[in-house]
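Reviewing the structure listed below.
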Amino acid sequence: GFARTTIDQTYFNHMWSRLEGTFYFPLPPDASLSRLAMYVGPKLMEGGMAERDYARQVFETIKHRQLDPALLEWVDGSTFKMRVFPLEPRQEKRIILSYTQKLDISYGRSHYRFPAGHNMKVVDDWSVNLRVNDGRGLLWDSPSHTLQAKTEGRDLVLTAEEKLSCLDKDVVLFLNDDSVAKADSQSALLSATQHENAHYLMLRWRPDLPTEKTRQRRDWVFLFECSADLDPLLART
């Protein structure tokens, strides 16, 4: 029910001068950032969390010392801005960003979307690797990209790669678990939890409603009793 996404991007400064790079990352609205890392030479440096004003001060201090800082800030909505210095002339800069999100799931059908749009006209090399834990045997489809499927143990692995790719659309993947869908149509699913001394109960039931060739009126009545003060026998009835 959750997806962990890692963005691994390498940029090349085609100029003959040192630059500061500004990158914008549109994340899903419900995403939670979990990692920011950057390669400084051959060494991978992990980032940490800090208060905004203090983080900016540290960034400028390190920048003036001609070292390699990166600063990731929330802009608005679900957009984050990252400043990276320096982008050395005629050299690459590799950045890693990870986030976690809850997937939309309904009746055994999961929906995953990665915002892959880019303002660069052409990207030299692009690839995607989607691993579904315990996903062997799941039905899947991607209306956005042509993916190659294989199994590794109990996992489902979907991959694609392109040369001189134009990133003008999101990566979209649907996963379908028929066993869950069939269970939903044959029985009710119950779930209970307790939070702050309150008890919560969830009931989900997908009725089997056969379609008729001709339209006809059908009335449905839903009765929910929550007073909890009925006689036990009457309550069960």
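The values are calculated or read from the model by the stated rules, or taken from the named source; none is laboratory data. Being a predicted model, the structure only gives us computed values, none of them experimental. Note that we place each Cβ from the backbone using ideal geometry, even for glycine, and neighbour counts take in every protein chain shown. What goes into the accessible areas is simple: the full protein's heavy atoms, side chains included, and nothing from ligands, DNA or RNA. Shrake-Rupley method; radii C 1.70, N 1.55, O 1.52, S 1.80 Å.
Please go through region 107-120 and pick out each residue that is more than 21 Å from residue 8 (Cβ to Cβ) and either part of a loop (DSSP other than H, G, I, E, B) or open to solvent by 60 Å² or more (accessible area, probe 1.4 Å) (or both). Residues satisfying the conditions are 107, 108, 109. The set of residues in region 129-152 that are more than 18 Å from residue 114 (Cα to Cα) and in contact (Cβ under 8 Å) with a residue 40 or more places away in the chain contains only 135.
Checking 59, 25, 80 one by one, the residue that is at pLDDT below 85, touching a Leu at 6+ places or on another chain (Cβ under 9 Å) and under 20 Å from residue 123 (Cα atoms) is 25 and no other. Would you mind finding the one in 109, 154, 131 that is under 30 Å from residue 190 (Cβ atoms), within 20 Å of the chain's Cα centre (by Cα) and charged (D, E, K, R)? Being under 30 Å from residue 190 (Cβ atoms), within 20 Å of the chain's Cα centre (by Cα) and charged (D, E, K, R) holds for just one of 109, 154, 131, which is 109. Looking across region 73-92, the residues that are within 18 Å of residue 11 (Cα to Cα) and aromatic (Phe, Trp, Tyr) come down to 80, 85. Across region 89-103, the number of residues qualifying as loosely packed, with under 14 Cβ neighbours inside 10 Å and in a strand (DSSP E or B) comes to 3. When region 47-88 is filtered for residues that are more than 22 Å from residue 114 (Cβ to Cβ), surrounded by 12 or more Cβ atoms within 10 Å (Cβ to Cβ) and of a type outside the set (A, V, I, L, M, F, W, C), the ones remaining, listed by number, are 56, 57, 60, 63, 68, 69, 83, 86, 88.
Would you point out which residue out of 44, 36 is under 22 Å from residue 92 (Cβ atoms) and surrounded by 12 or more Cβ atoms within 10 Å (Cβ to Cβ)? Unique residue meeting the criteria: 36.
Condition check ((1) of a type in the set (A, V, I, L, M, F, W, C); (2) under 23 Å from residue 4 (Cβ atoms); (3) modelled with pLDDT under 75) across all residues:
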site: 126; (1), (2), (3): yes, yes, no
site: 133; (1), (2), (3): no, yes, no
site: 137; (1), (2), (3): no, yes, no
site: 150; (1), (2), (3): no, yes, no
site: 155; (1), (2), (3): no, yes, no
site: 176; (1), (2), (3): no, yes, no
site: 229; (1), (2), (3): no, no, yes
site: 236; (1), (2), (3): no, no, yes
